[in-house]
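The values are calculated or read from the model by the stated rules, or taken from the named source; none is laboratory data. Everything numeric in this text was worked out from a predicted model, so none of it was measured. Ideal geometry is used to build each Cβ from the backbone, glycine not excepted, and the neighbour counts take in all protein chains shown. The area values use the complete protein model at the heavy-atom level, side chains included, leaving out ligands, DNA and RNA. Shrake-Rupley method; radii C 1.70, N 1.55, O 1.52, S 1.80 Å.
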Amino acid sequence: MIRLRTYIRSTLSAALATAALATPAVAAPAQGQPAAPAGRISWSACTDEEFAGMQCGTLRVPVDHARPRAGSLTLALVRRPADDRAHRRGTLLLNDGAGGSSIEQLRLAMRIGFPSFAGAMSRDFDLVAVDPRGVGHSTPIRCTTPLKPAGVTHFPQNQEQFDTLVAHNRAFAADCLRSNGPLVAHTDLAGTARDFEAVRVGLGEKQLNWYGIHYSTLLGRTYADLYPGRLRTMVLDTALDDTLPPTERIRREAATAEEAFDRFTAWCAASTDCALNGKDAAAEYDALVARADRTPIPTTDGSRPLTGEDIRAATQDYLTLSGVTWPALAQAVVEAQAGDATDFTYEPDDTLDPVQVHIPACLDTARPVTTFDQLTRLRNDLARISPHLGGAVRSWTALTGCLGWPVPARPVAAGAPVHGAPPALILQSTHQALAPHSAGFAMAAQLPGSVVLSREGDDYSMFLLSQCVREATNRYLTTRALPAPGTTCTD
């Protein structure tokens, strides 16, 4: 049986032999290098052969930028120099979503031959991947208590289950605070954005160019707001909308993921590439979830058996790349039906660490739900909006997993125009499981002069898949010219 990671990587590599940038794998900057003085990047030749010809660096920054003498952490960087040094246009920062390693995304990009199809992006710009604070090769957050052990549900049906969830969240947070100290309280958007200003200074650049995916669209906007004039260009792929109240964000994300699931099942009905072709894929999925809720399905990787809730919670991320993860989702359902739910324990994007995703979410989002009755009303809304997935989306997990969290949330103010930001190129799929199409326009409204370039389809990381998107992105990066408003890529 081919495991999920192997399948996705081999499929992605084959599909993108002539395509583009931005998804998973694993790297390490050079080890044993002496730390540079605070504020300076210590560079050395990367020893990892997949990063041959690149530079690996470290930069120390304060854990709390308001108290710079109270402790520091290390950021890890990898820099790929521009191919055309004589006509170099600056540095482009590559940013993954929350909890994701940009260094690992760069590694995968190199594995699929990124420089051969990136065009001006790799020809004219130094590419710098930085793992954010708490993530990956930077000083990482590690906790020993499971994020969600057996016996804990994010969909409590009674007060006792709700109290068990809150008690576990508090115990998990206490363990993380013991293991990682104050870093746990300082992985919010503003603190992370201030790190990138330290990176800019360390690089010696007057302005940076920004390529952000998902959460990092919010991070780029926050950086631009805190440091006006420091960005030359901003490419924002699959923008999120944090101008809405948190409960409305959950409702919209649940509706978006449910639509993506419906599109997946329609594809299954039409395509022999779907392992459920010839069957009612939605009914097969619902029956699997119901069966797993009655009797959890075993795994072969040493993790606990999975409930239907676990399967639902794993499904959203399977819907993000139609040509790659949709076939993998269908195969995962078939294997779970046969008694092995292992593939539902994997993140399709295995550059993500679930704990490192979760902790920033508890800081960046207000907590409007505090009681079982409030949660029940919202859960009932989601059951109507999302009959197959039941509202098991990332923002729901953030809300329920942060109930009882002892560190106060510190959401940034969103919605007002950001003065001093460059007009951005916002890339937004018309159908995406992680973010509605409308979120791109909500982001554009905050960045005066910005344009949403839509792409017809279901995918994120659109530079990876669309020649139309690549051409528009490279034109913007080199000339700062944006496409006409209303432009849609259909390739």
What is the angle, in °, between the Cα long axis of helix 189-203 and the longest principal axis of the Cα atoms in the chain? Nearest 10 is fine, range 0 to 90. 30 degrees
How long, wide and thick is region 60-134, going by the Cα atoms along their three principal axes, in whole angstroms, largest first? 44, 26, 14
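Report, in debye and to the nearest 20, how large the dipole of the chain comes out about its Cα centre when Lys and Arg carry +1 and Asp and Glu carry -1 on their Cβ.
About 1560 debye.
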Region 61-80 residues near the modelled Glu49 label - backbone nitrogen below 13 Å, point 7 Å along Cα→Cβ: none
At 222 nm, what helix-only mean residue ellipticity would the chain give, in deg cm²/dmol to the nearest 500, using -39500 (n - 2.57) for each DSSP H run of four or more? -12500 deg cm²/dmol
Can you find, among Gln432, Thr400, Asn380, the residue sitting farthest towards the positive end of the charge dipole of region 359-491, where Lys and Arg contribute +1 and Asp and Glu -1 at Cβ? Thr400
Using alpha-carbon coordinates, inclination of helix 372-385 to the longest axis of the chain, degrees: 90 degrees
Where Rh is the Kirkwood radius over the Cα pairs of the chain, the temperature 4 °C and the viscosity 1.567 mPa s, what D in µm²/s does Stokes-Einstein return? 57 µm²/s
With the dipole of the chain worked out from charges on the C-beta (+1 for Lys and Arg, -1 for Asp and Glu) around the Cα centre, which of Thr243, Phe264, Pro81 lies farthest toward the positive end? Pro81
Which angle from 0 to 90°, rounded to the nearest 10, does the C-alpha axis of helix 215-226 make with the longest principal axis of the chain? 40 degrees
Quick one: which residues, 5+ away or cross-chain, put their amide H under 5 Å from the amide H of Arg455? H built at 1.01 Å from N. Gln428, Ser429, Thr430, Cys489
Of all trypsin sites (Lys or Arg not before Pro) in region 149-257, the ones in DSSP coil with at most 11 other Cβ atoms within 10 Å are Lys206
Rounded to the nearest percent, how much of the accessible area of the chain (1.4 Å probe, protein heavy atoms only) is carbon and sulfur? 53 percent
Probe 1.4 Å, accessible area per residue of the chain, Å²: 37 Å²
Using only the Cα atoms, what convex hull volume per residue in Å³ does region 280-329 have? 84 Å³
